[in-house]
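Scroll down for the structure; my scribbles are underneath it.
The values are calculated or read from the model by the stated rules, or taken from the named source; none is laboratory data. Given the structure is predicted, the values throughout are model-derived calculations rather than measurements. Note that each Cβ is placed from the backbone with ideal geometry, even for glycine, and that neighbours are counted across all protein chains shown.
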Amino acid sequence: MRIVIIGNSKIANDCLKEILKQQDHVVTGILFEPSKNPSPSVLIQSIQENQLAHHTIDGNVNAEECLAFIRACRPDWIFNINCYQYLKNDLLAIPEHGVINFHNGPLPRYGGVNISSWPIILGENTHGVTWHMVNQGIDTGDILSQQNFEIPPRMTAAQLMVKSIEVGIQLFISDWQNWITGKVIAKPQEGIRTYFSKKDLAPNQGRLDWNMDAEILDRWIRGMHLFPYPNDFAYAHFTIEEQTYWVIASEFILDEPMGAPGTIIERNSKYCKVQCGVGALVLKMIALPHGKSIKWDEWYLQLEALGIEQFT
C-alpha cells in the first residue's frame, strides 16, 4: 500500500516510524506544518534520515500546491495525524481507499477542538481517543479503533493531551495494518454527539469568579493549563488594579467560610488561599502574562501598598 501522511509532532513521527518497519507498505509522501514542527523536530529528522518525499504546508492543506503533491504520491491511503485543518472534498477524493484521522477524544462525544481542556473543565472521569475515517463532516466519520481510559485526579489539560497521544500511538501500532487491509471494518458512530468549536469560549473567558465553588474554579485552572504547549484557548486568570495574573497551579479545600468571596484568608511564602463561594482556592503558582512566576512575599508587599485584602 502507498501511504501519505499529513501530520505534525511526535505522534505523526511515531506512526511514521511504525509504518517504515513494514516492507509491504511504502510512505510516498509527508506533508507537515513548519510552524508546528520547529527545527530540529523529530519528524523532520525522520524525513531526512529516510529520504522521504515531503511538502510543507505554509497555509491551507487544501491549497492546489498541496493537492498536486499528494496526487503525485498516488496514495492508497492518507493518514491525517495531528493536523487540525478541515480536509475538503478535493483532497479526500485523492487516495484510492480513503483518509484516516486521529482524534484525541471519544467520538461521538467530544468532537471538535480544545478536547484536552473541556473534559477537565466539565469534571469528566474518563476520556478516550479515536481513529476514524474522514468524511465531509467534522469528526463524524466511521470509527476504526477507539480506546477509553480514566482521567486521574488532578490531571491538567497538558497531561491529558500527552496521555491521549500515548494511547493513540499504542492503538495505531496494534491496529493500523488491520485498517488498511480490511481486517477491521469501520463502524458508524453511535450515541450522543457533542461538538466544541473555536467559538465555544472557555467559561467566563477564563476569568475566575470568586463567588463560585472552589472545586469548579480548580477544574477551570487545570483545564486551561496547557503549559508547555501553545495555548490558543484561554488562561485561567484574575485581575487586580487592571493587572492580569495567570493562575498556573492550584488546589481546592472545602473549609468552612472565613470571609466574603475573594478574601485572602491565608498567605505565606508557598501559596495564597482565597475564599470562594463554597470552599477555598489555594493559589500555588501565579504569573504575569507571558512573564515569570510571581514571588509571593514580594507580591504580598505590593498588595499591602495598595490596601488590597479581597479580590473582586
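Quick notes
- Test for residue 279: is it of a type in the set (Gly, Ala, Ser), farther than 30 Å from residue 35 by Cα and surrounded by 15 or more Cβ atoms within 10 Å (Cβ to Cβ): yes
- Complete set of residues in the stretch 11-23 that are over 17 Å from residue 73 (Cβ atoms) and either without any contact (Cβ under 8 Å) to a residue 40 or more places away in the chain or buried (at least 18 other Cβ atoms within 10 Å of the Cβ) (or both): 11, 13, 14, 17, 21, 23
- Here the helices (runs of 4 or more DSSP H) wholly within the stretch 38-150 that include at least 2 residues being touching a helix residue (DSSP H, G or I) at 6+ places or on another chain (Cβ under 6 Å) and under 24 Å from residue 171 (Cβ atoms) are 42-49.
- Only one of the numbered conditions (1) under 28 Å from residue 18 (Cα atoms); (2) in a loop (DSSP other than H, G, I, E, B); (3) in contact with a helix residue (DSSP H, G or I) (Cβ under 7 Å, 6 or more places away or on another chain) is not met by residue 235, and that is (1).
- Among the residues of the stretch 33-43, none qualifies, meaning not one is modelled with pLDDT of 95 or more, in contact with a Gly (Cβ under 9 Å, 6 or more places away or on another chain) and buried (at least 16 other Cβ atoms within 10 Å of the Cβ).
- Unique match (being within 20 Å of the chain's Cα centre (by Cα), assigned to a loop (DSSP other than H, G, I, E, B) and at negative phi) among 218, 200: 200
- Some residue of the stretch 238-252 being within 29 Å of the chain's Cα centre (by Cα) and in a loop (DSSP other than H, G, I, E, B): no
- Verdict on residue 260 being small (Gly, Ala, Ser), in a helix (DSSP H, G or I) and surrounded by fewer than 17 Cβ atoms within 10 Å (Cβ to Cβ): no
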